[in-house]
């Protein structure tokens, strides 16, 4: 029997615009860690550039979702980016209730701390 818990479409979910700004000197590769050990490439971000994407927030559960090619929700467990300075996780505010309409992250690198991507507000 196929898995029957897949939610199709965005009804009942709110779009959240995500921006990842690369303030490092190397390209960052960003991915979403999805349920059950899967991941999805979100894109490469050149130095000084930004990656923009939309996640869908379910206010009942607090889950953020990517939509696949057939418009199925893919629950996101984490976002992360990696570059020459290392790899870091971008913290998603997973909570029931309304979510911010925009989330902005600024990624930077330092010799002592490596790569970090901090929430910079909407």
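Give me 56, 37, 80 ranked fewest to most by other Cβ atoms within 10 Å of their Cβ, as a rough exposure proxy. With the fewest neighbours first, 56, 37, 80 line up as 37, 80, 56.
Listed options for Cα extents along the principal axes in Å are (i) 49, 31, 21; (ii) 55, 33, 25; (iii) 54, 40, 19. The value calculated from this structure is the one marked (i).
Counted residue by residue at 0.36 nm each, then reduced by the alpha carbon distance between them, the extension gain from residue 26 to residue 8 reaches 2.8 nm. Mean sequence separation of contacting Cα pairs (under 8 Å, at least six apart), scaled by the length of the chain, corresponds to a relative contact order of 28 percent. Where q = 0.17, 0.20, 0.31 Å⁻¹, what log10 of I(q)/I(0) comes from the Debye formula for the stretch 1-45, counting one point per Cα? Summing over Cα pairs of the stretch 1-45 leads to -0.76, -0.92, -1.15.
What is the gain in length, in nm to one decimal, between residue 106 and residue 19 on full extension, counting 0.36 nm per residue of separation less the C-alpha to C-alpha distance? Intermediate values should be presented prior to the final figure.
Details: separation 87, 0.36 × 87 = 31.32 nm, distance 0.84 nm.
Going from the current span to full extension adds 30.5 nm.
Provide 7, 18 in ascending order of the number of other Cβ atoms located within 10 Å of each residue's Cβ, fewest first.
Numbers: 7 17, 18 22.
With the sparsest Cβ surroundings first, the list reads 7, 18.
Each reported figure results from applying straightforward, stated rules to the coordinates on display, with no laboratory input. Remember, it's a predicted structure, so these values are computed and weren't measured experimentally. Here the Cβ is made from the backbone with ideal geometry for all residues, glycine too, and neighbour counts use every protein chain on show.
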